[in-house]
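The values are calculated or read from the model by the stated rules, or taken from the named source; none is laboratory data. The structure displayed is predicted, hence computed values, not measured ones. Here the Cβ positions follow ideal geometry from the backbone for every residue, glycine too, while neighbour counts run over all protein chains shown. Side chains included, ligands, DNA and RNA excluded: accessible areas come from the protein's heavy atoms. Shrake-Rupley method; radii C 1.70, N 1.55, O 1.52, S 1.80 Å.
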Amino acid sequence: MKVIDNKITFSFDGSNSYVEKVKDNETVVFITRDCFNDQLTEEGTTIGTLDWNCINPATGPVYVEGATTNDTLKVEILKIELGDTGVMCALPGAGLLGPKVKEESIKRIKVKDGKVYFNDDITFDVTPMVGVIGVAPKEGSISNGSPGVHGGNMDNKRIKEGATVYFPIFHEGALFSLGDIHAAMGDGEIMVSGVEINAKVTVKISVLKDVQIETPIVENDEIIGVVYSDKEIEKAIYNAVDITNEIVSDKLGISYNEAGMLLSAVGDVQICQVVNPEKTVMMSVPKSILKSVI
Ligand code: CA
Ligand code: ZN
């Protein structure tokens, strides 16, 4: 099995050189560092010693053979194996509560046997997920801190083991990378960090020929979800819902109005994160209604 290790990038960019070529339908392992580039896992390190130019590393990018701009990239998240130390922080000015945070706090958290040991009293189950995942965007360079229609820092907790994520392709080979694994994160990621942790992520990458989508789509056993990001959360919601409505109308052969009423009855607007430069939401439709996205 192909293992991609020690090859990181801090941006999604069509001019980045790929670190490895992978085949259509290949299973690939990505060894990922945490969002602080593993700079804070050692006791004694502080936010003050952090090199801010080296945060949000993603492992890759890989060039997917056969992927063209007429196609869609399909990424199945087969397995997420976590490291043993998670890091969280609270920073003045950062996240929803930042304005009331007077001084920084940093927390190293033991993660073992499926549990997060948050403090002496509080323990909870891990809910491993992928924060940063995507392809090179149509134009320019997008920092791994930002999400968009190329994917990126979506911080969508439903991107976890068993989920499949579909991406539009803007460059030959797609230039796919992933990183920023969280041992746990709640919807919103209100303090700007999940339980940030290094990991080993196994995915299967395939190319769906002659299929085009506008924005990332997540699928699991229960739902199909259209993901959209915008600086204004209202715009992110509108676009996620509108794109979903068009898909439902098209796939089920019903009018836009009929699809809208259906989504109003059974669809869920879900918040992924509200703390990155662009906020991310997902519009979910049960698979009992919409069986397939492609
Ligand atoms: Ca993130
Ligand atoms: Zn993160």
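Key figures
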quantity	calculated
Scan of the stretch 148-201 for residues that are crowded, with 24+ Cβ neighbours inside 10 Å, at positive phi and either away from ligand 2 (no atom under 11 Å from the Cβ) or of a type in the set (A, V, I, L, M, F, W, C) (or both), ordered by number	Gly151, Gly152, Ala174, Leu175
Flag for Val3 being open to solvent by less than 30 Å² (accessible area, probe 1.4 Å) and either over 23 Å from Ser193 (Cβ atoms) or not assigned by TED's automatic domain parsing to the domain that holds Gly179 (or both)	no
Where a residue in the stretch 263-282 is outside the structural domain of Ile133 (by TED's automatic domain parsing) and within 16 Å of ligand 1 (Cβ to nearest atom) and its partner, wherever it lies, is assigned to a strand (DSSP E or B) and acidic (Asp, Glu), with Cβ under 7 Å and at least six apart	Glu278/Asp230; Lys279/Asp230
Every residue from the stretch 107-120 that is open to solvent by less than 50 Å² (accessible area, probe 1.4 Å) and either touching a residue at least 60 places away in the same chain (Cβ under 8 Å) or over 23 Å from the mean Cα position of the chain (by Cα) (or both)	Ile109, Val111, Val116
Meets criteria (more than 14 Å from ligand 2 (Cβ to nearest atom), among the hydrophobic types (A, V, I, L, M, F, W, C), closer than 20 Å to Leu40 by Cβ and without any contact (Cβ under 8 Å) to a residue 12 or more places away in the chain) for Val126	no
Within the stretch 220-275, tally of residues that are buried (at least 21 other Cβ atoms within 10 Å of the Cβ) and under 20 Å from the mean Cα position of the chain (by Cα)	12
Scope the stretch 46-79; condition modelled with pLDDT of 90 or more, open to solvent by 40 Å² or more (accessible area, probe 1.4 Å) and within 16 Å of ligand 2 (Cβ to nearest atom); matching residues	Ile55
Residue tally, condition under 16 Å from Leu73 (Cβ atoms), in a loop (DSSP other than H, G, I, E, B) and not hydroxyl-bearing (Ser, Thr, Tyr), over the stretch 203-241	7
Any hit, the stretch 168-180, residues being among the polar types (S, T, N, Q), modelled with pLDDT of 95 or more and not in a strand (DSSP E or B)	no
